[in-house]
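**Q** First the structure, which I've put down as structure tokens, then a few questions once you've had a look.
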Amino acid sequence: MQLASLLFTELLKLKRSSMFLLSIAGAAVAPLVVVVATYVNEPSTPFKELFYNVNLYTVLIIGAPLYGVVTTYLFNREYVENTIKNILTIPVSRVSFIMSKTLLLFMWIMMLTMIAWFLTLFLGLLTQFDGLDISLLVESFKEFSIGGVLLFILSTPIILVTLVMKNYVPTIIFTVVITLINVMGGSSEHRALFPWAAAGDIANHTLPSTYPPEYSYTAIIVTALTGFIALIVYFKKADIH
Amino acid sequence: MSEIIKTRNLMKIYGEQKSVDHLNITVNQGEIYGFLGRNGAGKTTTIRMLLGLIKPTFGQVEIFGENLFNNQKSILRRIGSIVEVPGFYENLTARENLLINAKILGVHKKNTIEEALEIVDLHNETKKLVGKYSLGMKQRLGIARALLHNPELLILDEPTNGLDPIGIKEIRSLILSLAKDRNITIFVSSHILSEIEQLATHMGIIHEGRLLEEIAFDKLRERNRNYLEFQVSDDNKAIMLLESQFGISDYEVHAEGNIRVYSHLGKQGRLNKAFVENGIEVLKINISEEGLEDYFTKLVGGGAIG
């Protein structure tokens, strides 16, 4: 019951929030750039390629920093606006507090993912790319969703960095480093061992055959679980100043 | 009278610094307990421990007769609090901010939010975003939020900090009326002596993490005696005269020839005459009461508060 109330209050806190619109603008970048660039350079590209490229850029390039900023906003604003002392003395259990924010983060990431998918579809139709059918719609939707879910799962270390450092800068640096490794390791046969790069490959069915897929899934699960346990343990014991 | 707050040897150590050192305080039901101390004395650290925001290095906190750390959730539900400057979601209105607390607390009664806003006289400001509120309005809104669930105990950390004189007066009146009309026990910290003096029924003085004294204001006023103060040209000669001619032994000698005489009140004319007749020049005569400031200065070993 308290989790439902907390989720309601988390949604209420976003009312009139500029971060909400900014994140939508951020999620629109990949579809806009990919569709416009493809239309200008290779207008005969099939629709499938549009979805593939947008999902690739969303998961590997834009996702980590964009969702990292959203994560930091959600968790760090309680410290910045000095509201955490009020919430925790109402009282709200520290685990429920984390869970409600994490749930909202999931909804937010999935919403941004769906916006990216819908914009790709809309802009692709507007510029009349060929090859769109129902099976492509279903498959691309599934791939975008998998990418979003995996990036959400991998947000636990980012939440931990936010809670420990209580600042935007370390989180931005952390997510930029993730993106850099994604880009630099893009052509490496070992990229499937790096959780964030593996997420992109799993979503787009492009896992290299160097290692069994289980290795990639394990890397993602271990990273996510370690992050989750560490953040719960840390936050339950942390002094609130 | 039942004990509402009781701490036993409460300690908080950061590195090698004892922020709070073996603190034993007792707050009884119905009291307005002023927690007085200079900046950095350990007031906010103590309040954070009373609210479970930080864990003590050592010691116990009992609130409503129960151990805080074993029953934190049920105890905190009976407390309203403001720790330092109250924080709000500045993109929301006052009503929306209070709705967050009401929702989590499960306060479903109609008009609860409006009633709370009315108590602090913010009921006409409900469309304004909190980001546009003055500090005084935010403090009042903080009190409204703390009152939302009809708490039995209010813990307020420096609620008048940063306010202008009118804002200070408003908050003071509000706290006094809450104690009187709603019978709420109030624990309020401040570094301003006069503030505590005008507000509290009881006082605890904290200095460098340690509780120096815990006393009811009634008893303090009894203890702080009136005295005659003479500034004379020769304090040694004056003392001898007071002792030999008037049998006075209850006096103190301060700097610059100031002598405080705690007996013979109302007989300053006779004493003055005796001084002059014996060739002692009297530069100044005062009839004074030892104030809270003198008392505090003595207690903390000199230096101004703040």
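**Q** Would you order B:GLU243, B:GLU222, A:GLU10 from fewest to most other beta-carbon atoms within 10 Å of each residue's own beta-carbon?
**A** The order, fewest Cβ neighbours first, is B:GLU222, B:GLU243, A:GLU10.
**Q** Using θ = phi - 60° and the Karplus form 6.51 cos²θ - 1.76 cosθ + 1.60, what ³J(HN,Hα) does each residue of the stretch A:226-241 get, whole Hz, x for Gly and Pro?
**A** Whole-Hz 3J(HN,Hα) from phi for the stretch A:226-241: 4, x, 5, 5, 4, 6, 5, 4, 4, 5, 5, 9, 5, 6, 9, 9.
**Q** May I ask you to compute the full-extension gain from B:LEU129 to B:LEU212, defined as 0.36 nm times their residue separation minus their alpha-carbon distance, rounded to one decimal in nm? Display every interim value, and only then the final one.
**A** Details: separation 83, 0.36 × 83 = 29.88 nm, distance 4.31 nm.
Taking 0.36 nm per residue and subtracting the Cα distance, the gain is 25.6 nm.
**Q** Taking the protein assembly as shown on its own, what percent of its Cα-Cα pair distances exceed 34 Å? The partial results should precede the final answer.
**A** Values: 81996 of 149331 pairs.
The share of Cα pairs beyond 34 Å in the protein assembly as shown comes to 55 percent.
**Q** What are the residues whose amide H is under 5 Å from the amide H of B:GLU84, where those residues sit 5 or more places off or on another chain and H is modelled from the backbone?
**A** Amide H to amide H, under 5 Å and 5 or more residues apart or across chains, B:GLU84 pairs with B:ASP157.
**Q** Something else now. In Å and from the alpha-carbon atoms only, list the Rg and Dmax of the stretch B:225-289.
**A** In order Rg, Dmax, the Cα atoms of the stretch B:225-289 give 10.2, 29 Å.
**Q** Now, a different point. Does chain A classify as rounded, prolate or oblate by the C-alpha gyration tensor (a ≥ b ≥ c root eigenvalues; a/c under 1.5 gives rounded; else a/b over b/c gives prolate, otherwise oblate)? Write out the running numbers ahead of the final one.
**A** Working: a/c = 2.24, a/b = 1.58, b/c = 1.42.
Since a/c reaches 1.5 and a/b is larger than b/c, the shape of chain A is classed as prolate.
**Q** Taking neighbour counts of Cβ atoms within 10 Å as a proxy for exposure, in what order, fewest first, do B:SER74, A:SER209 appear? Display every interim value, and only then the final one.
**A** On the way: B:SER74 11, A:SER209 8.
So the residues, fewest neighbours to most, are A:SER209, B:SER74.
**Q** Let me ask something else about it. Name the residues whose placed amide hydrogens come within less than 5 Å of the amide hydrogen of B:ASP234, ignoring near sequence neighbours (fewer than 5 apart) on the same chain.
**A** Amide H to amide H, under 5 Å and 5 or more residues apart or across chains, B:ASP234 pairs with B:GLU281.
**Q** I would also like to ask the following. Given a Förster distance of 41 angstrom, what is the FRET efficiency for B:GLU229 paired with B:ASP121, based on the Cβ-Cβ distance and rounded to 0.05? Walk me through the intermediate numbers first.
**A** Values: r = 44 Å, r/R0 = 1.07.
It comes out at approximately 0.40.
**Q** Let me ask another. Answer rounded, prolate or oblate for chain B, using the Cα gyration tensor with square roots of eigenvalues a ≥ b ≥ c: rounded when a/c is under 1.5, else prolate when a/b is larger than b/c, else oblate. Walk me through the numbers before you get to the answer.
**A** Values: a/c = 2.87, a/b = 2.11, b/c = 1.36.
Because a/c hits 1.5 or more and a/b exceeds b/c, chain B counts as prolate.
**Q** What is the stretch B:37-115 by shape, rounded, prolate or oblate, if you read a ≥ b ≥ c off the alpha carbon gyration tensor as root eigenvalues and call it rounded for a/c under 1.5, prolate for a/b larger than b/c, and oblate otherwise? Walk me through the numbers before you get to the answer.
**A** Working: a/c = 2.89, a/b = 1.52, b/c = 1.90.
Here the stretch B:37-115 falls in the oblate category.
**Q** Calculated FRET efficiency, A:ILE134 and B:GLU152, Cβ-Cβ r, R0 56 Å, to nearest 0.05? Numbers along the way, then the final one.
**A** On the way: r = 63 Å, r/R0 = 1.12.
Given R0 = 56 Å and the Cβ-Cβ separation, E is 0.35.
**Q** Which stretch or stretches of the stretch A:170-202 have amide N atoms under 18 Å from the point lying 7 Å from A:GLU42's Cα along the Cα→Cβ direction?
**A** A:187
**Q** Moving on to the next point. Whole-Hz ³J(HN,Hα) for each residue in the stretch A:39-51, computed from phi via Karplus 6.51 cos²θ - 1.76 cosθ + 1.60 with θ = phi - 60°, x for glycine and proline: what do you get?
**A** Each residue of the stretch A:39-51 in turn: 4, 6, 8, 9, x, 8, 4, x, 4, 4, 5, 4, 4 Hz.
**Q** Amide H of B:ILE4 versus every other amide H placed in the peptide plane: which residues, excluding those fewer than 5 positions away on the same chain, fall under 5 Å?
**A** Hits under the 5 Å cutoff: B:VAL27, B:ASN28, B:GLN29.
**Q** Provide B:ILE215, B:ILE119 in ascending order of the number of other Cβ atoms located within 10 Å of each residue's Cβ, fewest first.
**A** Values: B:ILE215 13, B:ILE119 18.
Final ranking by Cβ density, sparse to dense: B:ILE215, B:ILE119.
Laboratory data are not the source of any read-out in this text; all were calculated from the coordinates shown. Just so we're clear, the structure is a prediction, and the values are computed from it rather than from any experiment. Methodologically, a virtual Cβ is constructed for each residue, glycine included, from the backbone with ideal geometry; neighbour enumeration extends over all protein chains shown.
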